[in-house]
1. Which whole-Hz ³J(HN,Hα) couplings does region 28-40 yield from phi under the Karplus relation 6.51 cos²θ - 1.76 cosθ + 1.60, θ = phi - 60°, glycine and proline marked x?
2. In what order do Val33, Val25 fall by count of nearby beta-carbon atoms within 10 Å, going from fewest to most?
3. Among Asp56, Asp37, which comes first, second and so on when ranked by fewest other beta-carbon atoms within 10 Å?
4. In nm, to one decimal, how far is the Ala52 label point from the Ala38 one, both placed 7 Å along Cα→Cβ?
Amino acid sequence: MGARHITARSTTDRRNPLRGGTSQVIAHLVQAVRCGDARTTQELLCRFSALAEFEDLMELRAALEADLCSGPDRSEFRA
């Protein structure tokens with residue numbers, strides 16, 4: 001029954017691989033490994049990778065916005 005829950009959850013997450021956050025993806029990944037569900041494990045590993053990349057991009061965006069706001073001449077960067 002636990003494996004079906006993970007599979008149903010991964011189907012929901014397939015539409016939005018970033019849904020749930022890092023800790024939730026890790027929890028589902030650990031459960032999939034314990035159940036021996038190789039397919040779900042692989043899907044969750046891909047989602048975890050995408051989530052980590054997304055979080056890195058959001059940090060970069062925040063840093064760039066801070067630089068733009070604190071720069072001496074902000075008009076240079078406007079389109």
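Bear in mind that the values in this text are calculations on the coordinates, not laboratory data. Everything numeric in this text was worked out from a predicted model, so none of it was measured. Counting neighbours? That spans all protein chains shown, and the Cβs are built from the backbone with ideal geometry, glycine included.
1. Coupling constants for region 28-40: 5, 5, 4, 5, 5, 5, 4, 7, x, 8, 5, 5, 5 Hz.
2. With the fewest neighbours first, Val33, Val25 line up as Val33, Val25.
3. By the 10 Å Cβ count, ascending, the order reads Asp56, Asp37.
4. 2.2 nm
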